[in-house]
1. Select from the stretch D:176-193 the residues that are part of a loop (DSSP other than H, G, I, E, B) and farther than 19 Å from C:Ala221 by Cα and write down the one among them that is most open to solvent (accessible area, probe 1.4 Å).
2. Mind telling me which of the residues C:Arg72, C:Arg77 ends up being at pLDDT 80 or above and not in a helix (DSSP H, G or I)?
3. Hey, can you tell me all the residues within the stretch C:55-79 that are within 29 Å of B:Gly175 (Cβ to Cβ) and open to solvent by less than 20 Å² (accessible area, probe 1.4 Å)?
4. Among the residues of the stretch D:1-15, what is the count of those that are open to solvent by 100 Å² or more (accessible area, probe 1.4 Å) and modelled with pLDDT under 80?
5. Only residues that are assigned to a helix (DSSP H, G or I) and closer than 18 Å to B:Gly182 by Cα: list them for the stretch C:35-63, please.
6. Can you name every residue in the stretch A:161-175 that is in contact (Cβ under 8 Å) with a residue 24 or more places away in the chain, open to solvent by 10 Å² or more (accessible area, probe 1.4 Å) and assigned to a helix (DSSP H, G or I)?
7. Within the stretch C:194-216, restricting attention to residues that are of a type in the set (Gly, Ala, Ser) and open to solvent by 10 Å² or more (accessible area, probe 1.4 Å), which residue is nearest to D:Pro180 (Cα to Cα)?
8. Restricting the search to the stretch A:70-80, which residues are within 17 Å of A:Lys5 (Cβ to Cβ) and of a type outside the set (D, E, K, R)?
Number of protein chains: 4
Amino acid sequence: MKFSKKRLAHIVFESDDWASKTFDIVLLFMIFGSILVSILDSVGSLRASYGEIFLWLEWVFTALFTVEYFLRVWLSRKPSGYIFSFYGVVDLLAILPSYVSFFVVNSQLLAVVRALRLLRVIRILKLGRYVSEAEYLQRSLRASSHKIMIFIGFVVTIVLIMGTLMFIIEGPEHGFTSIPVGMYWAIVTLTTVGFGDITPSTPLGQFVSSIIMLLGYAIIAVPTGIVSTEMASQRKKADAPKLMTCTNCGKDNLKQVDNFCANCGIKLR
Amino acid sequence: MKFSKKRLAHIVFESDDWASKTFDIVLLFMIFGSILVSILDSVGSLRASYGEIFLWLEWVFTALFTVEYFLRVWLSRKPSGYIFSFYGVVDLLAILPSYVSFFVVNSQLLAVVRALRLLRVIRILKLGRYVSEAEYLQRSLRASSHKIMIFIGFVVTIVLIMGTLMFIIEGPEHGFTSIPVGMYWAIVTLTTVGFGDITPSTPLGQFVSSIIMLLGYAIIAVPTGIVSTEMASQRKKADAPKLMTCTNCGKDNLKQVDNFCANCGIKLR
Amino acid sequence: MKFSKKRLAHIVFESDDWASKTFDIVLLFMIFGSILVSILDSVGSLRASYGEIFLWLEWVFTALFTVEYFLRVWLSRKPSGYIFSFYGVVDLLAILPSYVSFFVVNSQLLAVVRALRLLRVIRILKLGRYVSEAEYLQRSLRASSHKIMIFIGFVVTIVLIMGTLMFIIEGPEHGFTSIPVGMYWAIVTLTTVGFGDITPSTPLGQFVSSIIMLLGYAIIAVPTGIVSTEMASQRKKADAPKLMTCTNCGKDNLKQVDNFCANCGIKLR
Amino acid sequence: MKFSKKRLAHIVFESDDWASKTFDIVLLFMIFGSILVSILDSVGSLRASYGEIFLWLEWVFTALFTVEYFLRVWLSRKPSGYIFSFYGVVDLLAILPSYVSFFVVNSQLLAVVRALRLLRVIRILKLGRYVSEAEYLQRSLRASSHKIMIFIGFVVTIVLIMGTLMFIIEGPEHGFTSIPVGMYWAIVTLTTVGFGDITPSTPLGQFVSSIIMLLGYAIIAVPTGIVSTEMASQRKKADAPKLMTCTNCGKDNLKQVDNFCANCGIKLR
């Protein structure tokens, strides 16, 4: 087995033999590992104890991802195509913040850059490459996305009207300090999340809230109905057997596996 | 191109050529703009800095919408028909509050009028004219509205019984100050919003609450079931196979696989 | 038109002519009226101002419902049958508390009796008689009630295990004072109500909570699926045309309106 | 009736005659009883009054379950098979903690063991043996479990990204102390539970929250759609018309309306 550039490109970009699958699995573990380090590093108490180790691990992952990035650029048939592709940008965003933090001394700015480094979680999107079973769900969602958009537009209209109404009824003294805050409250309520950070205090406000809640309860059915119907339709399409027409009697719901017409008995093949 | 009243009416009421489409798009931007100004004006800090500009913009939008309103009245074949139509009332409500605020001096009254001015967000309902794709959703909802009404009636009954029960069990000392407040709490709970502004404190109250919650969890399925079934049915109707008409007797629900007309017995093929 | 006992019984128990329909409508308004008085009377400020009027109205409604009750007992073909029927008991419970309050002087006991009077809201169940369109929903729910029961049993098992687990993890110092309280919290969380009166404070508790929430999110689909499927099935049964079998060729998906067999052309009727 | 080991095994493991059914019912009551004692014992006030009785009952139940456990081990055709089976482990976990608490003196350790004893609620899983009607639900859930897993993976990705984003936007000063806490908040919000223990305070945080909520509202439709579709499919399979087998060639998906076998062409009727 010759170890050429072509062979290396195969290992990096494909996943159909032992070497390329191993490469993918190692990459997967590195992505999960780097995300885990980012998460643990954000916990104050763990940072105090293991901050040194986390920093060291971060640089190891950054180094490895940098190698991977330049490997992909070098191995691509058209490097600029990879660099400006979605995954190319994600891969770059995953390593850039670490290097930027190297050149920044100002502590205030460093905090912002450290935050930017967390964008690394976008790396998890790379996993998308490995999930082929998600297609059925994706197809159903894409087919119903137009209807869901209209539905969300309808919800936003209700939110705008209700948010304004509650701002007028309850007013700043009960926490509804502006229309945007009222709209935030309306979304919290309509989606049945109900944080309770802002709640109606006046009888009229509670009455209007009750109507919004019942409305939310009734219209939550709509997106479910849309997706369910779409999924049932997608499934039916997949399950439906291809049908033929009999050349003798014209009956046309013969299955493709039939040898004779079920209506007139003529030989089909 | 003659610029007659008929031509103007075409621009205002239709949207099938360059001029009328431009009119619609400009109107759309104006609606969004006026709503945005209302929203931003309600935010205390923005009002303090840019209050002057918001007031000025408000009058510009009001002036333009006033011109549009009178244009529509003038151009309508039957002005009273437009004035008392749904959109006619919405168009009027969108401009009236600004003028009312002009004639009011009393500061107490002015606050009420200022609140009324916020009704301006009703303007968003004007957008209804532009959404033609919502028809499928509308048809499904209208077809199932009767069943949803009965369901909401059923929910209101539960709310009434549960609100009364919790008022008896928990009483005013735990925040359930009256039956209406108990009903408000029951709606908050049954719809799974759960603000947490009023919560049961006694063991019995918590037990009854648990039952309400499980009930709400189980019956949330009902509106979803209604809408899903209705949507599936609407879709099926659209997907249904085309039927043939008998050339002899005119009966028209013959399947394409039939050999003889099921009504008059004539041979079809 | 003779005004006999038989005629009166017709007016009270049936609803197919002018007099009996009027009786039903008047009764409906009286039920709503008496419930409204109970609700308004529970509001402290309204009770202070209009307590006298509410008390007077209460006695008017009680008197009228008492007349109605004895009328029904007297007019029933088998009085004991009516008295011990569901609506008979509801009718009695709706009037009894008012009379009991008459014989009770002790103010502590009076509060309990006053609470009992609120049972009058059960009267709303009488409305069940008037809603014939609710049948479709009822049939669907009854057909799926068995599956929903099993589902609720499954939910209760999760609630028991999760409530115990959170009681062990969080303990009394974070509000989880006992297993029943833990179960109450688990129901509040699993049904996505989320009051927030008790919340997990420890990292482990928050992790277990997250799993409960994702679980609740996933299994909320089950009752919806059950009801949707049942409704679709009920609808299909109602929509399905009755089919016949051709006596000549044996083909058996002929519609009942067909005059000739669509397969062999023989005259069916 | 000879009382042999074989007869005893029949009583313990089967449930088709008087003796074995009685054994099962007694066991059921014992399971419910022991769980009830665990629950009541966790309530402080009840423990203070009836702690002695609860302890005594606990030992009675433990003794009886121990007898049952050794009976099952002894009666099993292959004891090791039972011991390492799922129900064997559950049965052991249900009795072990009580004995461990007997040998522990250290009070700190005793608290942990007492907690372990609560694991006894696992006993409810024993009920699984008695629920045969749950099969339809189980089949539907198992068939859709793969899709639900992918969906939960998708939700976890959103939670990771949103939790990180909110940690950056709101920061520790508004309660978002670390990424794990941010993820806990994102799950609380996305599942529409909404405890309100942590809420966004900055306008940008409230805006991002609103998007998460609308997203949660839209994607709650997905698991429902999956389960509904699966259930409808399972039901359809059960409702599907019975097919015939050709007497000549043995092919067996012929419709009852066919005149000739679609495989070999023989005349069927």
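The values are calculated or read from the model by the stated rules, or taken from the named source; none is laboratory data. Keep in mind the model is a prediction, meaning the values are calculated, not measured. Counting neighbours? That spans all protein chains shown, and the Cβs are built from the backbone with ideal geometry, glycine included. These area figures cover heavy atoms from the full protein model, side chains too; ligands, DNA and RNA do not enter into them. Shrake-Rupley method; radii C 1.70, N 1.55, O 1.52, S 1.80 Å.
1. We begin by selecting, within the stretch D:176-193, every residue part of a loop (DSSP other than H, G, I, E, B); these are D:176-178, D:191-193.
Restricting the remaining residues to those that are farther than 19 Å from C:Ala221 by Cα gives D:176-178.
Numbers: D:Phe176: 0, D:Thr177: 74, D:Ser178: 8 Å².
Only one residue tops the list, namely D:Thr177.
2. On the way: C:Arg72 fails: not in a helix (DSSP H, G or I).
None of the others qualify; the one that does is C:Arg77.
3. Residue satisfying the conditions is C:Glu58 alone.
4. Matching residues across the stretch D:1-15 total 3.
5. Of the stretch C:35-63, the ones assigned to a helix (DSSP H, G or I) are C:35-41, C:44-63.
Within the stretch C:35-63, C:Ile35, C:Leu36, C:Val37, C:Ser38, C:Ile39, C:Leu40, C:Asp41, C:Gly44, C:Ser45, C:Leu46, C:Arg47 meet the criteria.
6. Of everything in the stretch A:161-175, those that are in contact (Cβ under 8 Å) with a residue 24 or more places away in the chain, open to solvent by 10 Å² or more (accessible area, probe 1.4 Å) and assigned to a helix (DSSP H, G or I) turn out to be A:Met162, A:Leu165, A:Ile169, A:His174.
7. From the stretch C:194-216, those of a type in the set (Gly, Ala, Ser) are C:194, C:196, C:201, C:205, C:209-210, C:216; that's our starting set.
Checking the rest, the ones that are also open to solvent by 10 Å² or more (accessible area, probe 1.4 Å) come to C:196, C:201, C:210.
Working: C:Gly196: 19, C:Ser201: 13, C:Ser210: 11 Å.
Filtering the stretch C:194-216 for residues that are of a type in the set (Gly, Ala, Ser) and open to solvent by 10 Å² or more (accessible area, probe 1.4 Å), the one nearest to D:Pro180 (Cα to Cα) comes out as C:Ser210.
8. First pass over the stretch A:70-80, keeping only residues within 17 Å of A:Lys5 (Cβ to Cβ): A:70-79.
Within the stretch A:70-80, A:Phe70, A:Leu71, A:Val73, A:Trp74, A:Leu75, A:Ser76, A:Pro79 qualify.
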